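Please read the structure below before turning to the comments.
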Amino acid sequence: GPKVLQIPSHQIIDMGQMVTLNCDPVSNHLYFYWYKQILGQQMEFLVNFYNGKVMEKSKLFKDQFSVERPDGSYFTLKIQPTALEDSAVYFCASSLSQGGTEVFFGKGTRLTVV
Amino acid sequence: QQQVRQSPQSLTVWEGETAILNCSYENSAFDYFPWYQQFPGEGPALLISILSVSDKKEDGRFTIFFNKREKKLSLHIADSQPGDSATYFCAANGSSGNKLIFGIGTLLSVKP
């Protein structure tokens with residue numbers, strides 16, 4: 001089936017440093033998402049992105065977070081500066097349309113901030 | 001505020017039994033309910049979904065029962081197999097929405 005690829009699978013970073021998580025969405029998809037999952041807890045919506053713009057973001061999407069997808073390249077989540085509480089698994093997802101349509105998830109990037 | 005609730009948090013069944021996973025929601029605007037299966041170290045994968053206009057959806061051993069009036073749904077896994085052992089997430093979205101709201105998940109263990 002369609003694949004969402006996430007790079008890297010693991011990232012360890014010092015608190016205060018910048019990190020960029022990369023996502024290669026399904027090729028013909030138009031809507032892109034980032035979710036955050038802390039170990040043993042539920043998946044929480046961070047942000048969605050369409051046509052070059054953030055459509056909606058949650059309160060978890062702090063000012064230190066930003067997303068972009070320059071000209072069909074990777075869809076990225078940048079955190080600058082990182083904080084200890086940013087340690088989690090970040091899942092990228094994409095879908096062809098919105099509403100009741102299948103959303104495909106990547107395998108996640110495990111971010112550890114030390 | 002927990003918009004999507006799941007129970008139980010963990011469930012153990014024997015191979016061949018039917019596992020029943022429960023989900024409830026609060027927002028009447030939700031009308032699309034996918035169930036995702038997640039194995040350790042993997043991303044969630046869509047298992048089966050239902051729209052609120054239906055009260056039942058079957059796909060092989062997996063069946064969703066949906067009660068719009070009570071805002072409840074359940075996932076039944078018939079003839080459970082050890083390979084079904086995973087975490088199952090109930091999620092919800094509105095037809096004009098573009099974010100999934102997830103429950104906390106049910107960790108299913110199927111014993112041979």
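The values are calculated or read from the model by the stated rules, or taken from the named source; none is laboratory data. This is a predicted model, so every value here is computed, not measured. Here the Cβ positions follow ideal geometry from the backbone for every residue, glycine too, while neighbour counts run over all protein chains shown. To get the accessible areas, we keep the full protein, side chains included, count just its heavy atoms, and leave off ligands, DNA and RNA. Shrake-Rupley method; radii C 1.70, N 1.55, O 1.52, S 1.80 Å.
When residues in the range B:89-112 are screened for being of a type outside the set (Val, Ile, Thr), buried (at least 18 other Cβ atoms within 10 Å of the Cβ) and within 12 Å of chain A (Cβ to nearest Cβ), 13 of them pass. A count restricted to the range B:49-70 and to residues that are more than 17 Å from residue A:100 (Cβ to Cβ) and not hydroxyl-bearing (Ser, Thr, Tyr) stands at 8.
Residue-wise test of (1) assigned to a loop (DSSP other than H, G, I, E, B); (2) free of Cβ contacts under 8 Å to residues at least 60 places away in the same chain; (3) at positive phi.
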residue: B:13; (1), (2), (3): no, no, no
residue: B:27; (1), (2), (3): yes, no, no
residue: B:41; (1), (2), (3): yes, yes, yes
residue: B:46; (1), (2), (3): no, yes, no
residue: B:53; (1), (2), (3): yes, yes, no
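Quick check: is even one residue across the range B:74-96 part of a loop (DSSP other than H, G, I, E, B), at pLDDT below 95 and of a type outside the set (Val, Ile, Thr)? Within the range B:74-96 (the criterion being part of a loop (DSSP other than H, G, I, E, B), at pLDDT below 95 and of a type outside the set (Val, Ile, Thr)), the answer is yes, since at least one residue qualifies. Quick one: in the range A:95-112, of everything that is at pLDDT 95 or above and polar (S, T, N, Q), which residue is farthest from residue B:99 (Cα to Cα)? Looking at the filtered set, the residue picked out is A:112.
Within the range A:78-86, is even one residue assigned to a strand (DSSP E or B), surrounded by 20 or more Cβ atoms within 10 Å (Cβ to Cβ) and in contact with a Pro (Cβ under 8 Å, 6 or more places away or on another chain)? Scanning the range A:78-86, I find no residue that is assigned to a strand (DSSP E or B), surrounded by 20 or more Cβ atoms within 10 Å (Cβ to Cβ) and in contact with a Pro (Cβ under 8 Å, 6 or more places away or on another chain), so the answer is no. The strands (runs of 3 or more DSSP E) found entirely in the range A:1-66 that carry 2 or more residues being within 12 Å of chain B (Cβ to nearest Cβ) are A:5-7, A:31-37, A:43-50, A:53-57.
Considering only residues in the range A:67-94 that are more than 14 Å from chain B (Cβ to nearest Cβ) and more than 15 Å from residue A:19 (Cα to Cα), the one that is modelled with the lowest pLDDT turns out to be A:72. For the range B:1-45, filtered to residues that are under 14 Å from the mean Cα position of the chain (by Cα), of a type in the set (A, V, I, L, M, F, W, C) and more than 11 Å from chain A (Cβ to nearest Cβ), the residue that is most open to solvent (accessible area, probe 1.4 Å) is B:20.
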